[in-house]
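The values are calculated or read from the model by the stated rules, or taken from the named source; none is laboratory data. Here the structure is a predicted model, which means the values were calculated and not measured. Note: ideal-geometry Cβ built from the backbone for every residue, glycine included; neighbour counts use all protein chains shown.
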């Protein structure tokens, strides 16, 4: 016989203060909030940053990722980017939108026994693409 199961959902807002381009780990904040067993969705509410699950053991990984994307999509002051028309918010704005279009803005992570099921060396990061400090909002939904 099938029983109806009550689905419990929870929402959380994570605020991440950035100081410029780079990866900002917030794994511990997520782990401190999660409970039970379910599926966690994280969604960033901005169009010029991204979310990543990435290695958190060697900080050179984050440096190399940042450098790679800076070379792949340089600021609008770079001659190779002179085709861009959205430039009035600064030379880093449109490149930030391009990077955010290439990278995820949401993540889905299983949760078991109150903890996100991440690999040994995996961490959850906000990847800031803008030069100026920003206060970023990530919404967590656990169901």
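Out of the residues in the range 89-104 meeting the condition of being in a loop (DSSP other than H, G, I, E, B) and more than 13 Å from the chain's Cα centre (by Cα), tell me which one is nearest to residue 21 (Cα to Cα).
This residue is 92.
Out of (1) within 21 Å of residue 36 (Cα to Cα); (2) over 16 Å from the mean Cα position of the chain (by Cα); (3) surrounded by fewer than 13 Cβ atoms within 10 Å (Cβ to Cβ), the odd one out for residue 80 is which?
Against the list (1) within 21 Å of residue 36 (Cα to Cα); (2) over 16 Å from the mean Cα position of the chain (by Cα); (3) surrounded by fewer than 13 Cβ atoms within 10 Å (Cβ to Cβ), residue 80 comes up short only on (1).
For residue 138, indicate whether it is within 18 Å of residue 27 (Cβ to Cβ), touching a strand residue (DSSP E or B) at 6+ places or on another chain (Cβ under 9 Å) and free of Cβ contacts under 8 Å to residues at least 24 places away in the same chain.
no
Within the group 54, 62, which residue is surrounded by 17 or more Cβ atoms within 10 Å (Cβ to Cβ), in contact with a strand residue (DSSP E or B) (Cβ under 8 Å, 6 or more places away or on another chain) and under 29 Å from residue 142 (Cα atoms)?
Step by step, each of 54, 62 is checked, and only 62 is surrounded by 17 or more Cβ atoms within 10 Å (Cβ to Cβ), in contact with a strand residue (DSSP E or B) (Cβ under 8 Å, 6 or more places away or on another chain) and under 29 Å from residue 142 (Cα atoms).
Which pairs do you get when a residue that is on the phi < 0 side of the Ramachandran plot and touching a residue at least 60 places away in the same chain (Cβ under 8 Å), found in the range 63-76, comes within reach of a residue that is assigned to a helix (DSSP H, G or I) and surrounded by 17 or more Cβ atoms within 10 Å (Cβ to Cβ), reach meaning Cβ atoms under 7 angstrom, with the pair 6+ apart or on two chains?
69/99
Kindly indicate whether any position in the range 92-113 is out of contact with any strand residue (DSSP E or B) (no Cβ under 8 Å at 6 or more places or on another chain) and closer than 17 Å to residue 141 by Cα.
The answer is yes, given that some residue of the range 92-113 is out of contact with any strand residue (DSSP E or B) (no Cβ under 8 Å at 6 or more places or on another chain) and closer than 17 Å to residue 141 by Cα.
Any chance the range 105-119 includes a residue that's within 19 Å of residue 20 (Cβ to Cβ) and over 12 Å from the mean Cα position of the chain (by Cα)?
Among the residues of the range 105-119, not one is within 19 Å of residue 20 (Cβ to Cβ) and over 12 Å from the mean Cα position of the chain (by Cα), which makes the answer no.
Pick from 107, 51: which is in a strand (DSSP E or B), within 15 Å of residue 130 (Cα to Cα) and either out of contact with any helix residue (DSSP H, G or I) (no Cβ under 9 Å at 6 or more places or on another chain) or without any contact (Cβ under 8 Å) to a residue 60 or more places away in the chain (or both)?
Testing whether each residue is in a strand (DSSP E or B), within 15 Å of residue 130 (Cα to Cα) and either out of contact with any helix residue (DSSP H, G or I) (no Cβ under 9 Å at 6 or more places or on another chain) or without any contact (Cβ under 8 Å) to a residue 60 or more places away in the chain (or both) leaves just 51.
Say we look at the range 1-34 and pick out the residues that are part of a loop (DSSP other than H, G, I, E, B) and at pLDDT 95 or above; which of these is farthest from residue 68 (Cα to Cα)?
If we take residues in the range 1-34 being part of a loop (DSSP other than H, G, I, E, B) and at pLDDT 95 or above, then 34 is farthest from residue 68 (Cα to Cα).
Looking only at the range 27-48, count how many residues are out of contact with any helix residue (DSSP H, G or I) (no Cβ under 8 Å at 6 or more places or on another chain) and either surrounded by fewer than 13 Cβ atoms within 10 Å (Cβ to Cβ) or farther than 20 Å from residue 99 by Cα (or both).
The qualifying residues number 15.
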